[in-house]
Structures are given as structure tokens and as C-alpha cells.
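Accompanying notes for the structure given below.
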Amino acid sequence: MTRRGNRNWSLGVLRCGRMPSASGARVRSGVKMALTVAQLADHLGAELVGRPDEVERQILAVGPVETARESDVTFVHKERYMGALKNSRAAAVIIGRHVKGLAKPQLVVRDVDASLIEALKVFAPKLKAPAEGIDPSAKIGQGVRIDKGTAIGANVTIEDGAEIGRNTVIGSGCKIGQNVKLGNNCRLDSNVVIYHNCRLGDNVIIQANSTIGSIGFGYALVGGSHQLIPHNGAVVIEDFVEIGANCCVDRAKFGNTIIGAGTKIDNLVQIAHNVIIGKCCLIAGQTGIAGSSKLGDGVVLGGQVGVADNIEIGDGTVVAGRSGILQSTLPGQRLSGLPAVDSKEALRIAVLIKHFPKLAEQLKQLAKKVKELEAAKDPKR
């Protein structure tokens, strides 16, 4: 049995396409990355436990414990997966503590999730990088400022007065409106639309077909018909925000719709006009946030959550999927249900609902017996 610590190979070695090893592992565009178990352990800074012959096996990918192949490294970050690990075909496992008697190499790390993220980066498909420069088919307006290192794809439209930060990538078919400002190191995937006057910070990622700065759904009944209220504000997206595919973030009527730094948004999310989202929030798919609502820092919304308009959700609130938030919440609450209530209370309600048919039948029988007893006491009957 061999135990080894970190040899401190630098990330720069991986970026340039080589890992120092007897096997001469390489990274090339279109070619899968291959590392031995020992090399991967060194890269992750893991304590390696395993037989010498096992730690020289090659790893080609990361796989879940139940379906991992002989060329995969797997991971266990929750105790309930320990049982499945013994039967896993994986060549090695990333794990938070050494497990005695396990017949496969173990990469023991302090933080399994962080190491898993790094391993997935190592074995990610090696795609061709976007070509720096402006594709000939792109249309660039007047007074546009484009910093160095940018890559602007086919059929992109950038309208007058826009500013594009350095090393930003704009995918094919995107449209950047007038006076938009994009920060440094941003990535817009294909067909993203950024309407006029919106501002994106640094390191922002927006996936395909999402729209930022569309007119909000605000109407007033005037003279018997619905009249659209002008939306003269914009959208501000702060640093390190990530927005999934097919999302819509509406511009404000006045002021700005704001998405705070570090917030991550899943696919198919609707964020209405004048919404303010705090820093480091997580918003899962098919969630809808109605106009002028405010989310504090660190709020987590599960899938298909609905948030009513003009309410405030306190810092650190966690809302379970398919819940409806109809009124403002205090910081740090755990909520679920429709309308959303404290999660423990929601669980009690769910248990009661499950037993409703039986309880209803018992109530029906009790009512019948009470009626019979009352009839027996009444001499007139």
C-alpha cells in the first residue's frame, strides 16, 4: 500500500498541454485528457492511498459512483453513497476520509466538491478556442469601443456606442444594443440579446438564447384598454454572475433591475422589471420573480418557485422547489409550500394531507354515530 502527498505540479503545466509523467500525458484539441491515478492525485493535492500497480492506471473521465467505468475516477461526498462505492467499477475515488478495506485507490481530500470541480475541469472536452478578432460577417456600429483580446463571432451585431471589455467572447448571432457596456472576461453564447443601456460587469457568463433588458410586463388600464408603461431604466449585472440558457431579465421602469455579484441563475428563469437580487444567490430553473421584488444576499430558490411582486426575501432564505412566496420573509428562513411556510410546518401539513382520505372517512363515520345517538335520546323519534 502506497501513501503519497502532493508533488505540487502547477496548473500552468496543464494549460500548456503537458503533464510531466512517464506516460507523457497530453492535452490536445479534440483529444481526451489521460492521467494516471497518481498524476491526478498530485494535481488535486490529494493524499493517495493504493497499491503501486493500481495508482498507475489511466483515468479518462469522471463518473458517478453507480455507473463509473474502469477508466473513470468517481467521488463520494455523502455517507449514503459509501455502500455503492464497494461495488463501483471506477479506477479510483475522490473521498473525504480514508476507508479501510476498499479495493481501489483513494484520493483523500479536504473538500470533495472543490476537488470534483477541478477534476471535471481537467477532463472537460478540449474544444477549439474562439478566434481572437472580429468575424467578417459581424456588423459594428459607430463609436463602438472594443478592447484587445476579444473574440466576436459570426453575424454578431454591435450597435452604436457599445463598449466591449478585454478578453470578452461574443458568440455567433448575438445582438448588443446601443450604449451597452460589457466588462472584461465575459462570455456570451450564441444568440444572446443585450438591449440598450444595459451594463455587465467582469467575468459574466450568459448562455445561449437569453435576453437581457427586454421591456417589462407593466400595463395600466387607460380608457378601457391596457397601455404599456414605458420602461426607461436598464439592467445592471455585477461581476461573476452566471445566467443559464433561455432566461429573460426585464429592464426597469425607472432605475435598474440589478443582479448582484456572484449570483448564479439556471435555465428558463424570468426576472421582472425593477427586481433587485443580492450577492451570491442561487436561482433554479423555471423560477419566476415578479416586479419590484427584492432578494437579499445568499438567497436560494428551488426550481419552479414563484415570487410575488413588491415583496422582500431576507438574506440567506432557502425556498424549496414549487413553492410560492406571497409575502416578505425574515432572514435565514427555510420555506416550502404554496403559500410558502416554514419547512417543518409544511412537512406536518403534507403528512396531514396524505391522511385526509382516511380522516375524512373516520369523520363521516363519527358524524353518523353521533346522529344515531342523538336520535336514540329523542323520545319523539
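Please treat every number below as a calculation from the coordinates, not as lab data. These figures come from a predicted structure and were not determined experimentally. Here the Cβ positions follow ideal geometry from the backbone for every residue, glycine too, while neighbour counts run over all protein chains shown.
Working from label points 7 Å from Cα in the Cα-to-Cβ sense, the residue 342 to residue 66 distance is 3.5 nm. Can you tell me the length gained on complete extension of the stretch residue 366 to residue 79, counting 0.36 nm per residue apart and subtracting the Cα distance? Extra length from residue 366 to residue 79 when fully extended: 98.6 nm.
Using the Karplus relation 6.51 cos²θ - 1.76 cosθ + 1.60 with θ = phi - 60°, the per-residue 3J(HN,Hα) values for region 110-119 come to 6, 10, 5, 4, 5, 5, 4, 4, 5, 5 Hz, with x marking Gly and Pro.
Please say if region 205-308 is rounded, prolate or oblate, where rounded means a/c under 1.5 for a ≥ b ≥ c the square roots of the C-alpha gyration tensor eigenvalues, and otherwise the choice is prolate for a/b larger than b/c and oblate otherwise? It comes out prolate by the Cα gyration axes. Built from the Cα atoms of the chain, the convex hull projects on average onto 31.2 nm², one quarter of its surface area. Restricting the GluC sites (Glu not before Pro) of region 60-92 to loop positions (DSSP other than H, G, I, E, B) with no more than 14 neighbouring Cβ atoms within 10 Å leaves 66, 70. Scalar couplings 3J(HN,Hα) for region 256-271, obtained by applying the Karplus form with A = 6.51, B = -1.76, C = 1.60 to θ = phi - 60°, are 9, 6, 10, 10, x, 4, x, 6, 10, 10, 6, 5, 6, 10, 10, 10 Hz; x denotes Gly and Pro. Holding the Cα-Cα limit at 29 Å, pick out from 148/253; 175/279; 128/175 the pairs that are longer than that. Beyond 29 Å between Cα atoms: 148/253. Peptides 258-271, 118-131 ranked from most to least packed by the mean count of surrounding Cβ atoms within 10 Å: 258-271, 118-131.
Altogether, the Stokes-Einstein calculation at 37 °C and 0.692 mPa s, with the Kirkwood radius of region 258-297 over Cα pairs as Rh, returns a diffusion coefficient of 330 µm²/s. Placing a label point 7 Å from the Cα of residue 286 along the Cα-to-Cβ line, the residues of region 295-331 whose backbone N sits under 18 Å from it are 301-308, 319-325. The fewest-to-most ranking of 370, 241 by surrounding Cβ atoms within 10 Å reads 370, 241.
Put simply, the amide H of residue 92, placed in the peptide plane, has neighbours under 5 Å in 74, leaving out anything fewer than 5 places away on its chain. Which whole number in µm²/s is D for region 128-176 by Stokes-Einstein, with the Kirkwood Rh taken over Cα pairs at 25 °C and 0.890 mPa s? For these conditions, the coefficient is 234 µm²/s. Taking all Cα pairs closer than 8 Å and separated by 6 or more residues, the relative contact order of region 232-381 comes to 12 percent. Listed by chain and number, the lysines placed with their C-alpha closer than 30 angstrom to that of residue 354 are 78, 344, 364, 368, 369, 371; residues fewer than eight positions away on the same chain are left out.
When you count the other C-beta atoms within 10 angstrom of each residue and take the mean per peptide, 348-354, 101-107, 273-279 line up highest first as 273-279, 101-107, 348-354. Karplus-derived 3J(HN,Hα) values for region 296-304, using 6.51 cos²θ - 1.76 cosθ + 1.60 with θ = phi - 60°, are x, 6, x, 6, 10, 10, x, x, 6 Hz; glycine and proline are entered as x.
With the highest mean first, a sort of the peptides 138-144, 202-208, 214-220 on other beta-carbon atoms found within 10 angstrom per residue produces 202-208, 214-220, 138-144.
Convex hull of alpha carbon positions in region 28-179: directionally averaged projected area 11.8 nm². What's the local net charge at residue 256, with K and R +1, D and E -1, over the other residues with C-beta under 13 Å away? Taking every Cβ under 13 Å from that of residue 256, the sum is +3.
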